[in-house]
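Working notes, structure below.
Derivation of every value follows stated rules applied to the coordinates shown; laboratory data play no part. Remember, predicted model here, so these are calculated numbers, not experimental data. As a convention, Cβ positions derive from the backbone with ideal geometry for all residues, glycine included, and neighbour counts pool all protein chains shown.
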């Protein structure tokens, strides 16, 4: 399993970024926001999902661990494959997509290429209780909230299998100025 790719952006085309890692180029399929942010000849890191099938071997990449975890939740829904999950994540930031799911906005999800109304409804039904708490939401134009999904301690808890809401509640009341490892240790200790 390839957990992440860190290297230099060598090329970009059709939703994929070629990342040069020590002379080896890895083709990573990314959401639209990450594709636009990737600049040729700059350093980049993607958290990756390695999708292996009988006839293909693909890497899907995300600039944040929260986006990768949301992608993994999306592909767990019946009828949603990696391409459809990537299309859903290309609708906006991972927080906007998460927020749409938490607020049961199937119409927003159905805007993704290759995702019909039934599949969008299934995504909302299956994941609305798993993606975390619903936050301020503006209907057809979801907004970025104050929720910090770039918190390393939160990402570490999510990597250990916590949902976003469980991770947030586990970190609630723990001093945010402590080192990441100490915050995670205290959160795990409090939950046991």
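For residue 74, work out the one condition from (1) out of contact with any strand residue (DSSP E or B) (no Cβ under 6 Å at 6 or more places or on another chain); (2) farther than 23 Å from residue 167 by Cβ; (3) touching a residue at least 24 places away in the same chain (Cβ under 8 Å) it doesn't fulfil.
(2)
Quick check on my filter: what residues within segment 1-45 are part of a loop (DSSP other than H, G, I, E, B) and under 19 Å from residue 89 (Cβ atoms)?
Selection gives 2, 3, 14, 15, 30, 31, 38.
Go through segment 5-20 residue by residue and tally those that are closer than 19 Å to residue 83 by Cα, surrounded by fewer than 15 Cβ atoms within 10 Å (Cβ to Cβ) and touching a residue at least 12 places away in the same chain (Cβ under 8 Å).
Matching residues across segment 5-20 total 0.
One line per residue, one yes/no per condition, for (1) in a strand (DSSP E or B); (2) in contact with a helix residue (DSSP H, G or I) (Cβ under 8 Å, 6 or more places away or on another chain); (3) surrounded by 14 or more Cβ atoms within 10 Å (Cβ to Cβ); (4) free of Cβ contacts under 8 Å to residues at least 12 places away in the same chain:
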| residue | (1), (2), (3), (4) |
| --- | --- |
| 55 | no, no, no, yes |
| 60 | yes, yes, yes, no |
| 91 | no, yes, yes, no |
| 96 | no, no, yes, no |
| 111 | no, no, yes, no |
